[in-house]
Amino acid sequence: AQNEKTTYVVRMASHQMPKAFERHAHWYAASLKSVSPSADMLYTYNNVVHGFSTRLTDDEARSLQGQPGVISVWPELKYELH
Amino acid sequence: TTRTPEFLGLGKSTDALFPETDSVSDVVVGVLDTGVWPESHSFADDGLGPVPASWKGFCEEGTNFTSSHCNRKLIGARFFSRGYEATLGPIDASRESKSPRDDDGHGTHTASTAAGSVVEGASLFGFAAGTARGMATRARVAVYKVCWLGGCFSSDILKGLDQAVEDNVNVLSMSLGGGMSEYYRDSVAVGAFAAMQKGIFISSSAGNAGPSDFSLSNVAPWITTVGAGTLDRDFPAYVSLGSGQNYSGVSLYKGDALPHGMLPLIYAGNASNATNGNLCMMGTLIPEKVAGKMVLCDRGLNARVQKGAVVKAAGGLGMVLANTASNGEELVADAHLLPASCVGEKSGNAIKKYLFSDTNPTVTILFEGTKVGVQPSPVVAAFSSRGPNLITPQILKPDIIAPGVNIIAGWSGKLGPTGLAIDSRRVAFNIISGTSMSCPHVSGLAALLKGAHPEWSPAAIRSALMTTAYSSYKDGQILLDIATGKPSTPFDHGAGHADPVAALDPGLVYDLTVDDYLDFLCALNYTDDQISGLTRKEFSCDAKKKYSVTDLNYPSFAVNFQSNGGSSVYNYSRTLTNVGPAGTYKLSLKSETQSVKISVEPETLSFSHANEKKSYTVTFTAVGSMSPDSKSFGRIEWSDGKHIVGSPIAFSWS
């Protein structure tokens, strides 16, 4: 169960992007790789939030939450039609 | 949709009031849902000019969907499935289209309700026949498919919103919801905040968890939250008993008639070995006991149309579907696969009483087609979710109600009107119910208002809709709640039922800017990170500034008192912006309780020019104690003799 991955939406503080990165997408990717070398991004978000979604284990999600510039790492929620 | 345009006052006589041929065709309504059936006549583009120059979206190709399925009406169609597939595995293209194509019907229904083109001769098997149209017939439609057979996932919803904002939609319609969570956690609220920042009007469904209190979803104040009411149309199907008694029910059944004369009636609970046999769940009826009979099933747990399919599969000739306490007298019509009628709880109990007392109970159903002019209407739907607002009790939700019961609109060609796999019928239009159906009504009305007043902010559009909404019938009686049969309250209907013609000329509006919402977030004591997550930039609340939730310039009032007695005082400040001619507005106050003293300062507001702003303060003082969970209501109105700018007040004690 510890290795089971679930989807997380990761929100980043764009104004905290280190100068070493030219583009936000590169910074997001580096942040993700630092906790999960095998993880891929599902989406990057540019307009409604700054961040990305990905699949992580619980431990990886906790680790990512502690990375600089990471505002939140929320597990995906399911919505339903009304 | 047929009938609701007339019910909302959007007939030929009012067409001239709305500038349909001009600016409304520049308005793009984005719909986040199950996609679109592009062949629906509701998306024909006859008479529409080139797509607006500001439009940046496009139509994405995929399973059974090419860019040629789009036109000058349907100008955008995208799909977002990565989150769904990451959780549930790759999409099986034989079961659902990996494209914007709608395999469910819901998205086609909502999109056509909001902004469908005019379609003559629409009906479902002859029911609700007429000329169908969306609320904003000349607005453009862009669909963002974020819901799939297995549900709607927040990562996909967020990307759909991200794309819609980038594409430059003007109105967003979202007939979906999740649980209740703080705004910074809720993807719909987060995405809607960014949309609001770009001047996009967002309407969302209030939810179908009524009539329980605290059952709302989508309560962020930058979202317009829409509950559901009935219209003046019904589909009567009378249940006639062997005793000679008749009971009113509804049905959309069209097919082989019942055998002539009275038929034996059996209670499903007596034709099953299952403990929940009364519910007509799959595989629970004993065919030997059901064959050749009419079966009474209780509503609940499984889909209403599935109960009919279960009765049919067991050899039953027809079904009487009886509401229970949770649905009360609300009659929701369905296109059943066998002759069936849905009756209210009281009728259901009376039929059961006959069934259990008569040694040879018999019944037949008399189908009467479509009836219009039903009064009273509207009434608040039992399923429509109710306040108080659990997240921010000082913001009254829902904001407004609109038609959401037995609504006919465009449908997917992939499945029948019941949505059941065994339903081989295909229809161009279907009749369904839910706050999903009321939400796009308001989205379309917002598009009309945006076309008429391009300079109005999303908050101004909502204010116009709310302050001109009606909460009583023409005889002065308060709108009824079908769940109780009693007058509804602002926790049920918000500001009341939408009246778009009145909203066109509201006189004054309660406007809101992004900064006002930021002050609101500070008043909620959100952390800098939580606010930055919403605003996408560095932000800190001013430690020296006094923030108050009650100062958010909302067009309604919710006041929450502690019930442990003593005098508590709450001040609410509001600012009105003149969007009409110069005039002097005088205050009128109504309250049904002596336990709260209300004072307003000043009591007269004079406006000499357009866009002039004037502020006032309302002081609510609780006098004495009230028991916990008490509620009471009032109303504040400003009038210049021509316009009435009304705001509901809801008091609650906890």
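The values are calculated or read from the model by the stated rules, or taken from the named source; none is laboratory data. This is a predicted model, so every value here is computed, not measured. Cβ: placed from backbone, ideal geometry, glycine included. Neighbour counts: every protein chain shown.
Would you check if there is a residue in the stretch B:50-66 being in a strand (DSSP E or B), among the charged types (D, E, K, R) and at pLDDT 95 or above? No.
Annotation: of all residues in the stretch B:423-473 being assigned to a strand (DSSP E or B) and not polar (S, T, N, Q), the one that is nearest to B:Leu512 (Cα to Cα) is B:Tyr470. Candidates in the stretch B:172-187 are the residues that are within 7 Å of chain A (Cβ to nearest Cβ) and of a type outside the set (Lys, Arg); of these, the one that is farthest from B:Thr527 (Cα to Cα) is B:Ser175. Note on the stretch A:30-47: residues that are at pLDDT 95 or above, more than 14 Å from B:Asp156 (Cα to Cα) and of a type in the set (A, V, I, L, M, F, W, C) amount to 3. The combined condition, being within 9 Å of another protein chain (Cβ to nearest Cβ) and crowded, with 20+ Cβ neighbours inside 10 Å, is fulfilled by A:Leu42.
The residue that is nearest to the other protein chains (Cβ to nearest Cβ), among those in the stretch A:7-24 that are surrounded by 14 or more Cβ atoms within 10 Å (Cβ to Cβ), touching a Phe, Trp or Tyr at 6+ places or on another chain (Cβ under 9 Å) and assigned to a loop (DSSP other than H, G, I, E, B), is A:Met17.
None of B:Asp515, B:Asp542, B:Asp529 is within 14 Å of chain A (Cβ to nearest Cβ), without any contact (Cβ under 8 Å) to a residue 40 or more places away in the chain and either surrounded by fewer than 18 Cβ atoms within 10 Å (Cβ to Cβ) or not in a loop (DSSP other than H, G, I, E, B) (or both) except B:Asp529. Please verify whether B:Glu85 is buried (at least 17 other Cβ atoms within 10 Å of the Cβ), farther than 22 Å from B:Asn430 by Cβ and of a type in the set (D, E, K, R), treating the condition exactly as stated. No; evaluated as a whole, the condition is false for this residue. Against the list (1) assigned to a loop (DSSP other than H, G, I, E, B); (2) within 11 Å of chain A (Cβ to nearest Cβ), the condition B:Asp213 fails is (2). On the basis of being of a type outside the set (Val, Ile, Thr), closer than 30 Å to A:Asn46 by Cβ and surrounded by 20 or more Cβ atoms within 10 Å (Cβ to Cβ), does B:Arg536 make the cut? Considered against the rule, which asks whether it is of a type outside the set (Val, Ile, Thr), closer than 30 Å to A:Asn46 by Cβ and surrounded by 20 or more Cβ atoms within 10 Å (Cβ to Cβ), B:Arg536 comes out as yes. Quick check, is A:Leu56 in contact (Cβ under 8 Å) with a residue 40 or more places away in the chain, in contact with a strand residue (DSSP E or B) (Cβ under 7 Å, 6 or more places away or on another chain) and away from chain B (no Cβ under 14 Å)? When the stated conditions are applied, A:Leu56 does not pass them. Among the residues making up the stretch B:269-279, a single one is closer than 16 Å to B:Ala340 by Cβ and touching a Ser or Thr at 6+ places or on another chain (Cβ under 8 Å): B:Asn278. Restricting attention to the stretch A:58-74, the residues that are surrounded by fewer than 18 Cβ atoms within 10 Å (Cβ to Cβ) and either part of a helix (DSSP H, G or I) or at pLDDT 95 or above (or both) total 5.
Name, by its number, the condition in (1) within 14 Å of chain B (Cβ to nearest Cβ); (2) surrounded by 13 or more Cβ atoms within 10 Å (Cβ to Cβ) that does not hold for A:Trp27. Against the list (1) within 14 Å of chain B (Cβ to nearest Cβ); (2) surrounded by 13 or more Cβ atoms within 10 Å (Cβ to Cβ), A:Trp27 comes up short only on (1). Of the residues making up the stretch B:581-603, those that are assigned to a loop (DSSP other than H, G, I, E, B) and under 29 Å from the mean Cα position of the chain (by Cα) number 1. Screening B:Gly300, B:Gly249, B:Gly242, B:Gly261 for residues that are under 34 Å from the mean Cα position of the chain (by Cα) and in contact (Cβ under 8 Å) with a residue 60 or more places away in the chain leaves exactly one candidate, B:Gly249. When we screen B:Lys289, B:Lys307, B:Lys312, B:Lys293 for residues that are among the charged types (D, E, K, R) and either at pLDDT below 95 or buried (at least 23 other Cβ atoms within 10 Å of the Cβ) (or both), the only hit is B:Lys307.
Scanning the stretch B:67-102 for residues that are under 27 Å from B:Leu124 (Cβ atoms), of a type outside the set (Gly, Ala, Ser) and either away from chain A (no Cβ under 13 Å) or assigned to a helix (DSSP H, G or I) (or both) returns B:His69, B:Cys70, B:Asn71, B:Lys73, B:Leu74, B:Arg95, B:Glu96, B:Pro100, B:Arg101. Looking across the stretch B:474-495, the residues that are assigned to a loop (DSSP other than H, G, I, E, B) and either surrounded by 12 or more Cβ atoms within 10 Å (Cβ to Cβ) or in contact (Cβ under 8 Å) with a residue 24 or more places away in the chain (or both) come down to B:Gln477, B:Leu479, B:Ile482, B:Ala483, B:Thr484, B:Gly485, B:Ser488, B:Thr489, B:Gly494, B:Ala495. If you filter the stretch B:128-144 down to residues that are in a strand (DSSP E or B) and among the hydroxyl-bearing types (Ser, Thr, Tyr), you find that the one that is farthest from the chain's Cα centre (by Cα) is B:Thr131.
Consider B:Ser438 carefully, then state whether it is of a type outside the set (Asp, Glu) and surrounded by fewer than 24 Cβ atoms within 10 Å (Cβ to Cβ). No.
Scanning the stretch B:152-162 for residues that are without any contact (Cβ under 8 Å) to a residue 60 or more places away in the chain and within 21 Å of B:Arg536 (Cβ to Cβ) turns up at least one hit.
Here B:Asn349 clears all of (1) within 25 Å of B:Asp213 (Cα to Cα); (2) among the polar types (S, T, N, Q); (3) at pLDDT 95 or above except the condition numbered (1). Among the residues of the stretch B:188-201, those that are within 11 Å of another protein chain (Cβ to nearest Cβ) and within 25 Å of B:His453 (Cβ to Cβ) comprise B:Gly191, B:Ala192, B:Phe193, B:Ala194, B:Ala195, B:Met196, B:Gln197, B:Lys198, B:Ile200. The set of residues in the stretch B:362-403 that are among the charged types (D, E, K, R) and part of a strand (DSSP E or B) contains only B:Lys371. Based on this model, can you work out whether B:Ser463 counts as touching a Pro at 6+ places or on another chain (Cβ under 8 Å) and of a type in the set (S, T, N, Q)? Yes, satisfied.
Only residues that are part of a loop (DSSP other than H, G, I, E, B), at pLDDT 85 or above and surrounded by 20 or more Cβ atoms within 10 Å (Cβ to Cβ): list them for the stretch B:1-31, please. Passing the criteria: B:Thr1, B:Thr2, B:Arg3, B:Leu8, B:Leu10, B:Val27.
For B:Tyr547, are the conditions met, namely being away from every other protein chain (no Cβ under 14 Å) and within 23 Å of B:Asn170 (Cβ to Cβ)? Considered against the rule, which asks whether it is away from every other protein chain (no Cβ under 14 Å) and within 23 Å of B:Asn170 (Cβ to Cβ), B:Tyr547 comes out as no.
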